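Colleague: Next up is a structure, given as structure tokens.
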Amino acid sequence: GDIAIDCRVCGDSGPEKHARALFLDPPPSIAVCSNRMKDKQDVADVIQHELTHAYDYTVGAVDLKSCEGLAFSEVRAARESECFPCTLCPTFYRNG
């Protein structure tokens, strides 16, 4: 199914407290914290990171509420975004 991506101002408490973005369910969606984005590269990194969580949750059936499942997904998400050249960046910069 589709995964909505919502840009919004995130708060200073709860799961949004220090987040740059969040994967939410149900329904599966991504919230990008617009008040914590510095530039297009930041946006590309967090979307790629959160899409990895979305894939793990929806396709891999990883339980993101368990410590083991979340740790697994966080390592994969970091590897696919922050620790690896951005594969989405050409799309973001082409129109920007």
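Colleague: Looking only at ALA77, ALA19, ALA44, which one moves most when the chain is put into a Gaussian network model with springs between Cα atoms under 10 Å?
Modeller: Of the options given, ALA19 has the highest mean-square fluctuation.
Colleague: So what is the accessible area of the chain per residue, in Å², with the probe set to 1.4 Å?
Modeller: Numbers: 6070 Å² over 96 residues.
Value returned for the chain: 63 Å² of accessible area per residue.
Colleague: Right, next: Report the label-to-label distance for ALA78 and GLN41 in nanometres (one decimal), using points 7 Å from each Cα along the Cα→Cβ vector.
Modeller: Taking the simple label geometry, ALA78 and GLN41 are separated by 1.9 nm.
Colleague: In percent, how large is the relative contact order of the chain, given Cα pairs closer than 8 Å and 6 or more residues apart?
Modeller: The normalised contact order for the chain reaches 23 percent.
Colleague: Let me know the charge dipole size of the chain about its Cα centre in debye, to the nearest 20, where only the beta-carbon of Lys, Arg (+1) and Asp, Glu (-1) is charged.
Modeller: Taking the Cα centre of the chain as origin, the dipole is about 300 debye.
Colleague: In the chain, what percent of the accessible surface is made up of carbon and sulfur (1.4 Å probe, ligands and nucleic acids excluded)?
Modeller: Result for the chain: 59 percent of the exposed heavy-atom area is carbon or sulfur.
Colleague: Using 0.36 nm times the number of residues separating CYS67 and SER34, minus their current alpha carbon distance, what extension gain do you get?
Modeller: 9.1 nm
Colleague: Which percent, nearest 5, of DSSP beta bridges in the chain are antiparallel?
Modeller: Restricted to the chain, the bridges split so that about 45 percent are antiparallel.
The values are calculated or read from the model by the stated rules, or taken from the named source; none is laboratory data. These figures come from a predicted structure and were not determined experimentally. For neighbour counting, all protein chains shown are included, and Cβ atoms are generated from backbone atoms with ideal geometry for every residue, glycine included. SASA here: full protein model, heavy atoms, side chains in, ligands and nucleic acids out. Shrake-Rupley method; radii C 1.70, N 1.55, O 1.52, S 1.80 Å.
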